[in-house]
Structures are given as structure tokens and as C-alpha cells.
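All remarks here apply to the structure that follows.
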Amino acid sequence: MRTSRRWTFWIVLLALLATFSLACSLTPFFSALNAPAAAPTASVALPTVPPSGAENAPSASPAAPSPSTQASVSDFETTLIDLYRQVSPGVVAIRVYLADGGAQGSGFVYDKEGHIVTNFHVVDGAEKVEIDFISGRKAWARIIGTDKDSDLAVLQVEDVPQDELHPLPLADSDKVQVGQIVVALGNPFGLKGTMTMGIVSALGRTLPSEHAAAQGGYFTAGDMIQTDAPINPGNSGGPLLNLKGQVIGINRAIRTTASLGGEPVNSGIGFAVPSNIVRRVVPALIKQGYYDYPYLGISSVDDLTLEEVESLNLPQQTGAYVVSVVPGSPADKAGLKGAVPLGQQENYQTLPPGGDLIIAVDGHPVREFNDLLHYLFTYTSPGDTITLTVLRDGKKLNLKLTLGKRPH
């Protein structure tokens, strides 16, 4: 999200998705994050176990932490301190000058050529963009490429010496695990160089993208990393890092149901664009200013309820249920079958029967729609031919499909 000074320009509340790459519902709200918030300070008390038979003994002062515990805490603090020193020179604050005011966000140095990665929504509509380094140096930047689907943008700073540019390395986001400790660096509420900490809460989340579909709704941004690391308005575009100082994601949005003074309140649920999406998209943005996503042309439902599975008489409980197919799309040409014609989904209170259930892509299981998106975004490009395995009327079919390009 980007956050404003006087400037309260931020507020991007994204509606939580419901169906495929062109559908999103409204409950609850997502805030595109021009800034994640600072982490609350907390002290962890280690429990002490009384010796056998001592349950009724008079209470005593808590035992002092053992030397090994103190050493472990000290080592972890040192890790975080060293991490901040290592990566903070590569994290930047972004000031956006708009026709009706201004806004702020975050970003990080991508390479020695002065490319800066941030969110598209941070710089959307910018007339001028200022980059502030932690050293105090400030520089103008130009926007050289944007991608609404992943909500990424690439900037390039001007007249900045090489020794000011400290690129941050990208991790392999496919190796990220739930429970892994992560830190977020950025510019929440204009507080430059803020570091917060949390864990990876979940993987493979889907959100509506910033890319509106011609048929209505928005295309889907898939494979999001969910984290409880405090992120707030102004953190948008900043890096989410592992303890090795590698970027595992780009902080994009928070889920919130409340606001304070017009700004969304962090709820402990934030989302980051995975680094493997960054790895594919950013070089294309640098080279040609845009990135082409593989395109199927379906609207789909995942996370089917047991009631829906039973009412649709589906032979299994997992898979991506095809609600509708875009006429003339790759899915249509491949013979994929939707339950209703495109544009009529809203006329139904419950899911109508008759749609294909996608259960695999190129032999890889599809438990839910995001599994399909993850495979397409990570391993395929427009023009590639894939095999979708579907269940139709209780029978298993393999359909060959040549991927198109998402319409711009």
C-alpha cells in the first residue's frame, strides 16, 4: 500500500476473492499495502516446571533463565541485528508525487544498474517518484515497467553512485515453509527503515489482482505468501526476508476490518508476492516494460464445501470446479466445459451442476484452483501446451490445451 502524509492518499481496500481469475467477493476487506506496520514489543517468559510433589509448595520467584537460554536469546538478537545491518542499505522509501497530493511506499534495490522493485499500486498515477536511501541520499526515479497482475513495478534511479546501490538477493520461494521466521523492512506510515518480525502463516493464497477483466471482475493473483509480520500502510513494495537476508516476497496487502484515522489497522494477516514470481516478471519489465501471463479463460471455484460437493454429485472433494468458460479462449478451444455461460454466474444462489472438475495439470495434482495457478505462473508461458485432467460425468478425461496470453 502506499500511505500519504498530509497526504492521506492510501486506502486501497481489496475485496477478498471468491471465484477464479475474474471474480472477487467483498467479505472481508484487503488493503493494498503501501506499508506494513511495526511489530509489537513482546517478552517471552519461559515456563518453569515444579519438581514432583511440589505442586502445593509455597510460590517462589521464577527461576532465572539458564545460561544456555540466555545464550540462545543473545545469538538470535545478534542474528536480527546483523540482518538489519546487512539488508537495510538495500531497502528504500518511495515518495510519490500525484496530481492531487502525494503518497509513500517502500521498495528494494534489485541490481547495480539502479533498478528498484516495488508494487504497481504504490506508483500508480505518479507524476514524479522520489527514492530515499537509508544513508540519507535522495534521487529521482522513472517507471520503466509495470505489471497489474502481480502488482509489481520496476523503477530506475538516476545519478546514484554504485556504492549506494546494495541489491538484495532473491530466495527460492518454493522452498519457503509455514512456520519459518521472516522479517519485513519498509516505510510504514512514513517511518523509514522500520523492521518487524513474524512467521510465514500460510502459502498459496489467492487475491484479486489490479488487472480488471473485460468480462467484469479482476484476474486472480495466485501463490501469495501469508505472514503475521506486522505490515502497515507504507510497507507496500518492501521486502519480506528470511533470516539469511534473502527476499522471499514483496509485501503487497493486509487484510483488515477496521481503520484508525482513515488508515487500515493491521490484523496480523498480510500477503506478499512470492520471489519466484518476481524472478520471472521483473526481467521482462526491465527488458520490455510488461510481462505476459499464461491464460486459460475460465472462472473457477476452489475450496468447495462438503454441501457443494454433495449437491453437485462430484466424485471427489478436491479440484478446481469450472463455473464458466470464456468463448473463444484456450479453454473453450480445448473443449473445457463450464456449468453456466459466462456472465450468468451471478444469477445463481448455489453452484449449478455440469462443470468440469480439474484434478491435475501435466500430471501434477490440483487440489484447489491455486494449485493450477501456481503451476501455470511458475512453469509455463503463453504458447505452451499443457494437459488438464478433468472429471466429467464421473469419467476422467485428458484435454490438451495451448495457453494464450492474458488480455492487457
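The values are calculated or read from the model by the stated rules, or taken from the named source; none is laboratory data. Only a predicted model underlies this, so the values are computations on that prediction, with no experimental measurement involved. Cβ atoms come from the backbone with ideal geometry, glycine included; neighbour counts cover every protein chain shown.
For the reader, a short list of remarks on this structure follows.
- Residues satisfying the stated conditions in the stretch 172-190, i.e. part of a loop (DSSP other than H, G, I, E, B), of a type in the set (A, V, I, L, M) and surrounded by fewer than 16 Cβ atoms within 10 Å (Cβ to Cβ): Val178
- Contact annotation: residue pairs with Cβ atoms under 6 Å, 6 or more positions apart or on different chains, pairing a residue in the stretch 106-130 that is more than 21 Å from Pro274 (Cα to Cα) with a partner that is among the hydroxyl-bearing types (Ser, Thr, Tyr), are Glu127/Tyr97; Lys128/Tyr97.
- Residue match in the stretch 94-109 (condition: in the same structural domain as Ile248 (by TED's automatic domain parsing), outside any helix (DSSP H, G or I) and acidic (Asp, Glu)): yes
- Residue in the stretch 291-304 that is loosely packed, with under 14 Cβ neighbours inside 10 Å and assigned to a loop (DSSP other than H, G, I, E, B) present: no
- Only residues that are surrounded by fewer than 20 Cβ atoms within 10 Å (Cβ to Cβ), charged (D, E, K, R) and modelled with pLDDT of 95 or more were counted in the stretch 350-391, giving 2.
- Count of the stretch 155-196 residues which are of a type outside the set (S, T, N, Q), touching a helix residue (DSSP H, G or I) at 6+ places or on another chain (Cβ under 7 Å) and more than 13 Å from His115 (Cα to Cα): 8
- Search result, residues across the stretch 241-271 that are assigned to a loop (DSSP other than H, G, I, E, B) and either modelled with pLDDT of 95 or more or crowded, with 18+ Cβ neighbours inside 10 Å (or both): Asn242, Leu243, Lys244, Gly245, Gln246, Asn266, Ile269
- For the stretch 136-154, a residue qualifies if it is assigned to a strand (DSSP E or B) and touching a helix residue (DSSP H, G or I) at 6+ places or on another chain (Cβ under 7 Å), and the qualifying residues are Ile143, Ile144, Gly145, Thr146, Asp147, Leu152, Ala153, Val154.
- Every residue from the stretch 164-198 that is among the acidic types (Asp, Glu) and modelled with pLDDT of 95 or more: Glu164, Asp172
- Failed condition for Gly237, given (1) buried (at least 24 other Cβ atoms within 10 Å of the Cβ); (2) modelled with pLDDT under 90; (3) not in a strand (DSSP E or B): (2)
- Annotation note: Cβ proximity below 9 Å between a residue of the stretch 154-174 that is closer than 30 Å to Met224 by Cβ and a residue that is among the charged types (D, E, K, R) and part of a strand (DSSP E or B) (sequence gap 6+ or interchain) occurs for Val154/Asp147; Leu155/Arg142; Gln156/Arg142; Val157/Arg142; Ser173/Asp223.
- When the stretch 307-337 is limited to residues that are under 28 Å from the mean Cα position of the chain (by Cα) and assigned to a loop (DSSP other than H, G, I, E, B), the one that is surrounded by the fewest Cβ atoms within 10 Å (Cβ to Cβ) turns out to be Gln317.
- Within the stretch 199-221, if we keep just the residues that are assigned to a strand (DSSP E or B) and at pLDDT below 70, the residue that is nearest to His374 (Cα to Cα) turns out to be Thr220.
- All positions within the stretch 288-324 that are closer than 20 Å to Leu403 by Cα, polar (S, T, N, Q) and either in the same structural domain as Val154 (by TED's automatic domain parsing) or in contact (Cβ under 8 Å) with a residue 60 or more places away in the chain (or both): Ser299, Ser300
Residues checked against (1) out of contact with any Leu (no Cβ under 7 Å at 6 or more places or on another chain); (2) within 27 Å of Val301 (Cα to Cα); (3) among the polar types (S, T, N, Q):
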| residue | (1), (2), (3) |
| --- | --- |
| Asp132 | yes, no, no |
| Arg142 | no, no, no |
| Gln156 | yes, no, yes |
| Val160 | yes, no, no |
| Glu164 | yes, no, no |
| Ser173 | yes, yes, yes |
| Ile181 | no, no, no |
| Ser201 | yes, yes, yes |
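- Considering residues of the stretch 143-164 that are acidic (Asp, Glu) and under 23 Å from the mean Cα position of the chain (by Cα) only, the residue surrounded by the most Cβ atoms within 10 Å (Cβ to Cβ): Asp151
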